[in-house]
Amino acid sequence: MTATVAIEHVEKRYRAVRALHDVSFTLEPGRLSALVGHNGAGKTTLIKLMLGLIRPDKGSICVLGENPAAGEFAGRRSLGFLPENVAFNAALTGRETLAFYARLKGSDAKQGAALLERVGLGEASRRLVGTYSKGMRQRLGLAQALLGRPRVLLLDEPTTGLDPALRLTFYEILDELRRDGATVLISSHALDELEGRAEQVLIMNRGILVADGTLAELRALAGLPIRITLKL
Ligand code: ATP
């Protein structure tokens, strides 16, 4: 299997803060991976690097065979991203919001309506986003991230504040994408919700990747006071 994302020996500092230290891992097509860690562990920094928004101080990042920070990165449109706190223009309807993002991404605007249906916002698609609940905005965020059928989907804390039913819908959609061969990475504070869903768990602690394996493998090794890197 060819990795869609390869992170090798990455270092990243923000002045005195060491955000990432010698981080290496790969993400594979058709796999749901979880990036877990406390506040400040370095999860968002990793996502920004994969999106090409920032560059590493050392090491390399390869997404769909290229450096995502390069100006001519051809895979840009194949990346879907859902930020942690997605903010939408309250004065646009759901449908208009997706049409706006479709334009930005250069993807088919017609896809928006189908995606709104898929995330359960079909009926609300003509309502102003300002009237949406938090859960509805999250679903709109997912629909936005899915525009253009991304091959790599990066989701930063996507289910925070969602009720259990919505979480289920969320994971059902992600499963479909995975079956289509998409690479899905979810950043999260909580491991429990990803149980039985994530096939790869990456645990970050203060900028260091302390574990990379299946949940069962990590459980078996839990408590070991050493750095563990498991091969899947
Ligand atoms: P959270 O769960 O709170 O979003 P995180 O795991 O995503 O945390 P990062 O946001 O990647 O962690 O932050 C890693 C470290 O880098 C933290 O110590 C954070 O304070 C620091 N940091 C992140 N961005 C910047 C920045 N732009 N300038 C300075 N320090 C930063």
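The values are calculated or read from the model by the stated rules, or taken from the named source; none is laboratory data. Predicted model only: the values in this text are computed from it and were never measured. Every residue, glycine among them, receives a Cβ derived from its backbone with ideal geometry; neighbour counts consider all protein chains shown. Heads up: the accessible areas ignore ligands, DNA and RNA and are worked out on the full protein's heavy atoms, side chains in. Shrake-Rupley method; radii C 1.70, N 1.55, O 1.52, S 1.80 Å.
Restricting attention to segment 113-169, the residues that are touching a strand residue (DSSP E or B) at 6+ places or on another chain (Cβ under 9 Å) and over 17 Å from Asp180 (Cα atoms) total 15.
Just to verify a result, which residue in segment 4-21, among those that are modelled with pLDDT under 95 and among the aliphatic types (A, V, I, L, M), is farthest from the chain's Cα centre (by Cα)? Of everything passing the filter in segment 4-21, Ala16 is farthest from the chain's Cα centre (by Cα). Going residue by residue through segment 94-106, is there one that turns out to be part of a loop (DSSP other than H, G, I, E, B), of a type outside the set (S, T, N, Q) and within 26 Å of Lys48 (Cα to Cα)? Within segment 94-106 (the criterion being part of a loop (DSSP other than H, G, I, E, B), of a type outside the set (S, T, N, Q) and within 26 Å of Lys48 (Cα to Cα)), the answer is yes, since at least one residue qualifies.
Do we find that Ala87 is more than 9 Å from the ligand (Cβ to nearest atom), within 30 Å of Arg127 (Cα to Cα) and surrounded by fewer than 15 Cβ atoms within 10 Å (Cβ to Cβ) in this structure? Yes: the conditions hold for Ala87.
For the residues Gly75, Gly80, Gly148, the requirement of being more than 16 Å from the ligand (Cβ to nearest atom), closer than 26 Å to Val5 by Cα, open to solvent by less than 10 Å² (accessible area, probe 1.4 Å) and not in a helix (DSSP H, G or I) singles out Gly80.
Let's see how each residue does on (1) out of contact with any His (no Cβ under 8 Å at 6 or more places or on another chain); (2) at pLDDT 90 or above; (3) open to solvent by 10 Å² or more (accessible area, probe 1.4 Å):
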site: Arg179; (1), (2), (3): yes, yes, yes
site: Ala182; (1), (2), (3): yes, yes, no
site: Ile186; (1), (2), (3): yes, yes, no
site: Leu191; (1), (2), (3): yes, no, yes
site: Glu195; (1), (2), (3): yes, no, yes
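Being within 14 Å of the ligand (Cβ to nearest atom), open to solvent by 10 Å² or more (accessible area, probe 1.4 Å), touching a helix residue (DSSP H, G or I) at 6+ places or on another chain (Cβ under 6 Å) and over 21 Å from Leu215 (Cα atoms): is that true of Ile54 here? Taking the combined requirement at face value, the residue satisfies it. Residues of segment 198-223 that are away from the ligand (no atom under 16 Å from the Cβ), in contact with an Asp or Glu (Cβ under 8 Å, 6 or more places away or on another chain) and either more than 11 Å from Arg31 (Cβ to Cβ) or open to solvent by 40 Å² or more (accessible area, probe 1.4 Å) (or both): Thr214, Leu215. Exactly one residue out of Lys43, Lys48 is within 8 Å of the ligand (Cβ to nearest atom), open to solvent by 20 Å² or more (accessible area, probe 1.4 Å) and under 16 Å from the mean Cα position of the chain (by Cα): that is Lys48.
Can you say whether Ala16 is open to solvent by less than 10 Å² (accessible area, probe 1.4 Å) and within 14 Å of the ligand (Cβ to nearest atom), as far as the supplied structure shows? No. Is it true that some residue in segment 109-116 is in a loop (DSSP other than H, G, I, E, B), more than 16 Å from the ligand (Cβ to nearest atom), out of contact with any Phe, Trp or Tyr (no Cβ under 8 Å at 6 or more places or on another chain) and not hydroxyl-bearing (Ser, Thr, Tyr)? Yes, segment 109-116 contains a residue that is in a loop (DSSP other than H, G, I, E, B), more than 16 Å from the ligand (Cβ to nearest atom), out of contact with any Phe, Trp or Tyr (no Cβ under 8 Å at 6 or more places or on another chain) and not hydroxyl-bearing (Ser, Thr, Tyr).
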